[in-house]
Amino acid sequence: MEFDHGAGRVRVNITGHADLMGEVGARLRAHRGFALATLNLDHLVKLRRDAEFATAYAAQDLVTADGNPVVWLSRLAGREVALLPGADLIAPLAAEAARCGVAVAFVGGTEESLARAARALQARVPGLRVAARIAPPMGFDPEGAEADAALDAVAASGAGLVFLALGAPKQERLAARGRARQPQLGFVSIGAGLDFLAGTQQRAPRLVRRLALEWLWRAGSNPARLAGRYARCAAILPGHALRAWRMRRG
């Protein structure tokens, strides 16, 4: 499913869980790197306004649907894709890495939250090795010297799969830079996923997520920060729905 964000196009090219696991497993076994992004409406808003973000997104090898609106728009266009949010991908991708004998690394958050996330993930995925945990400082530039040092440290640790928890657009920009600097590594942008694992942020309850109301739960928990974001997301929905309908008819 392809989305026109006004400054270009982005395509969800992973249609389901089995598709993703097969592709990632093949790349890990071959030591062939990749960058994986999870597309949602907030990203489509940012892509329209942020040329650097758009450039970084164009460098992503794999794109999944993160958010029910992306799934619904794809369905409207007659191109079914599964809902694969970044936070839900951490454990299965880590398990795939463990099966392939590949260590993982974390970049983002604080040293304490990364240590807690590592313990939680290793408890869920027996045999998983967390080779590096990097907590970037405030003001971290994903395209600066500190980013290069972090990428080189991850590569030196022996990790093959890197979970980036920096939030958009920083994590996607770092993934794009890492894709060029350390092409043997796989980068997965997961937003707050490590904080959920660590317990430093609370995710919406499973029932709320199944009812596709996670956005409402999050907005209620932090209205001052998220009200504007969701309003901007709602504003672009009609245009995307119209394009999806035309795609289906065409």
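The values are calculated or read from the model by the stated rules, or taken from the named source; none is laboratory data. Computed from a prediction, not measured in an experiment: that's the story for all the values here. Here the Cβ positions follow ideal geometry from the backbone for every residue, glycine too, while neighbour counts run over all protein chains shown. What goes into the accessible areas is simple: the full protein's heavy atoms, side chains included, and nothing from ligands, DNA or RNA. Shrake-Rupley method; radii C 1.70, N 1.55, O 1.52, S 1.80 Å.
Per residue, the convex hull spanned by the alpha carbons of region 20-144 comes to 135 Å³.
In region 149-238, the ratio of gyration radius to Kirkwood radius, Rg to Rh, stands at 1.07 when only Cα atoms are counted.
Counting Cα-Cα pairs of region 70-208 in 5 Å increments starting at 0 gives whole-percent bin shares of 2, 10, 19, 22, 19, 13, 8, 5, 1, 0.
P(r) tail for the chain: Cα pairs beyond 26 Å make up 37% of the total.
The alpha carbon centroids of region 1-71 and region 200-233 are separated by 22 Å. Ordered from largest to smallest accessible area (heavy atoms of protein chains, 1.4 Å probe), the residues Phe53, Phe196 come out as Phe196, Phe53.
Residues of region 191-214 with an amide N closer than 11 Å to a point placed 7 Å from the Cα of Ala91 along the Cα-to-Cβ direction: 197. Taken as entire DSSP H runs, the helices of the chain that both span 30 Å or more between Cα atoms along their own long axis and average -1.0 or more on the Kyte-Doolittle scale are 223-249.
Please report the relative contact order for region 58-212, taking Cα pairs under 8 Å with a sequence separation of at least 6, and give it as a percent rounded to a whole number.
That works out to 26 percent.
Highest average first, the peptides 67-77, 202-212, 98-108 ordered by how many other beta carbon atoms sit within 10 Å of their residues are 98-108, 67-77, 202-212. Helical content of the chain, expressed as a calculated mean residue ellipticity at 222 nm, amounts to -17000 deg cm²/dmol (DSSP H runs of 4 or more residues, -39,500 (n - 2.57) each, divided by residue number, nearest 500).
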